[in-house]
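The values are calculated or read from the model by the stated rules, or taken from the named source; none is laboratory data. All figures in this text were calculated on a predicted structure; none of them were measured in a lab. Cβ placement follows ideal geometry from the backbone for every residue including glycine, while neighbour counts extend to all protein chains displayed. Just the protein is used for accessible areas: all its heavy atoms, side chains included, with ligands, DNA and RNA removed. Shrake-Rupley method; radii C 1.70, N 1.55, O 1.52, S 1.80 Å.
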Amino acid sequence: LTGSTCVVGPVLIALWLALLTSCAPSPLDDPWVAHRPLAQTEATWRPPRLQGDQSAGAGPTLLRAPTGDLPLRESVALALLHSPELASFAWSVRAAEARAIQAGLSPNPRVGYGAENLGGPDGGDLFLRQTVRLSQVIELADKRDKRLRLAHADQRLAGWDYEAQRLAVVTEAARRHVAVVAAQQRVELAQRTLGLVTQVRDIVNQRVEAGVVPSAERDKAPVRVSVERIALDRARHDLAAARQALASTWAGESPTFARAIGDLDDRPVVPDEASLLTRARNHPRLARWEDELEQRRRAVTLARANGVPDVTAGVGLRHFPDADDVAGVVEVSVPVPLIDRNQGRVLEARYELSRAKSLQTAAEATMRRDLAAAHADLAASAFALTTLDGETLPAAQAAFDAANDAFQQGRSDFLDVLDAERTLVDVQRQRIDAREQPYYWLGFRP
């Protein structure tokens, strides 16, 4: 190859320098949202960044099944480290990182080969003219940077989705832990109730044998005993189901802990509803919308940029066999945007931006509705606890004690004892229900 290469060489070098500059990596935004409304100090599993041929199936560390007494904090910590649902959202964050990496890459260069005069002039000697080309699409309108900014916005949204799921895992683990504690108390109440009605049955039998009460009373007491045995069996099955539900939050195959421990006697503090709504704006369901709208705006910007046609530039070498010489080739092409200017995509992106604004308004309305319902439940539970502990339970206990004493002294009927006992047990069960209910509100704490 002769003289023409000295002209083509600098052009090739300049083209490759432009390619290397456009392919330079861009730093990625941190997609993990730092703000955490609940369990801020608890560790959460994050998937590693995979390189090379490392397995993509890497998951959380091996679960160490809890034994002995299980406090609420340990239930939450186990769920954050081993929840398969949360792990799936964590991998979505990593996938968004990978998409951002891909978005920052420029198109690959193309290498082409062409041959002319394959048949030769007049079927005579073959004079094959050969051309080798190197071409590159040059993106205009700053498409790569806009594409990368949109990918970074998608990363932050994936981070918000992860944070919302993290909060859901914390709330659900706490709710199920409290459900186990309440189920344990219901079993204990059912055991005490069964012991109580058994004791009353024995007293009835003794009084029948002594001839103090009619023998017909003997047939009524076993009915109540059988009813309470059924209630105890149901309470035990409910406890087993609640234990399994709690273990499933950390993907445990079966519950290995002895008891879930927690104090449900703490009275819930009912905050002001207006201040609660202000604080709830930190909830991921609302806090994410600033990034959501920014992501839609960047999508509009990218759609407009994609309407600008890109330039394809190429250089090459052409060999002339008849003269045994080589010449440089320079080519430039650009689409003519007469029909497709990406106007449909631009319009779609603008519609999606308007839709996002409507969804933000809907999310705020939904949050206000859920907060009002949660606040009402909390206030009702607080009032119920105050009333039950201060008035209802002492009165029911006194009524049962009086009816039981009167029955043992022969001054009342067995049905009076039965009615007073049933009322006392119902009040005690209502108290357990009221103490469990406020913890469902955990998901709305700031």
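Tabulated values for the structure
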item	result
Only Lys, Arg (+1) and Asp, Glu (-1) charged, at Cβ; the stretch 157-222 dipole about Cα centre in debye	120 debye
16 Å Cα-Cα reach of residue 220 towards aspartates and glutamates, excluding residues that sit fewer than 8 places from it in its own chain	202, 209, 228, 413, 416, 419, 421
Candidate residues 143, 357: accessible-area rank, largest first, probe 1.4 Å	357, 143
Spread of Cα-to-Cα distances over 5 Å intervals beginning at zero, given as percent, for the stretch 201-353	2, 6, 6, 5, 5, 6, 6, 7, 6, 6, 6, 5, 5, 4, 4, 4, 3, 3, 2, 2, 1, 1, 1, 1, 1, 0, 0, 0
Accessible-area composition of the stretch 182-235, carbon plus sulfur, in percent [1.4 Å probe]	53 percent
Sequence of 176, 46 when ordered by accessible area, the most exposed leading, probe 1.4 angstrom	46, 176
Theoretical gain in end-to-end length, residue 95 to residue 426 [0.36 nm per residue, Cα-Cα removed]	113.9 nm
Using a Förster distance of 41 Å, the FRET efficiency for residue 343-residue 43 (Cβ separation, nearest 0.05)	0.25
Farthest toward positive dipole pole in the stretch 336-446 [+1 Lys/Arg, -1 Asp/Glu at C-beta], among 361, 434, 342	342
For residue 152, solvent-accessible area (1.4 Å; no DNA, RNA or ligand), Å²	20 Å²
Other-chain or far-sequence residues with amide H under 5 Å of residue 260's (modelled H)	70
Prolate/oblate/rounded call for the stretch 346-446, Cα gyration tensor, a/c under 1.5 rounded	prolate
Computed magnitude of the charge dipole of the stretch 273-414 (debye, nearest 20; Cβ of K, R +1, Cβ of D, E -1)	620 debye
Inter-centroid distance (Cα atoms) of the stretch 350-397 relative to the stretch 222-300, Å	14 Å
With every protein chain in place, the stretch 292-382: carbon and sulfur % of accessible area (1.4 Å)	55 percent
Efficiency of FRET between residue 383 and residue 188 - r from beta-carbon atoms, R0 30 angstrom, step 0.05	0.75
Cα→Cβ-extended label distance, 7 Å offset, between residue 363 and residue 308, nm	3.1 nm
Global form of the stretch 241-307, assessed from the alpha-carbon gyration tensor, a/c cut-off 1.5	oblate
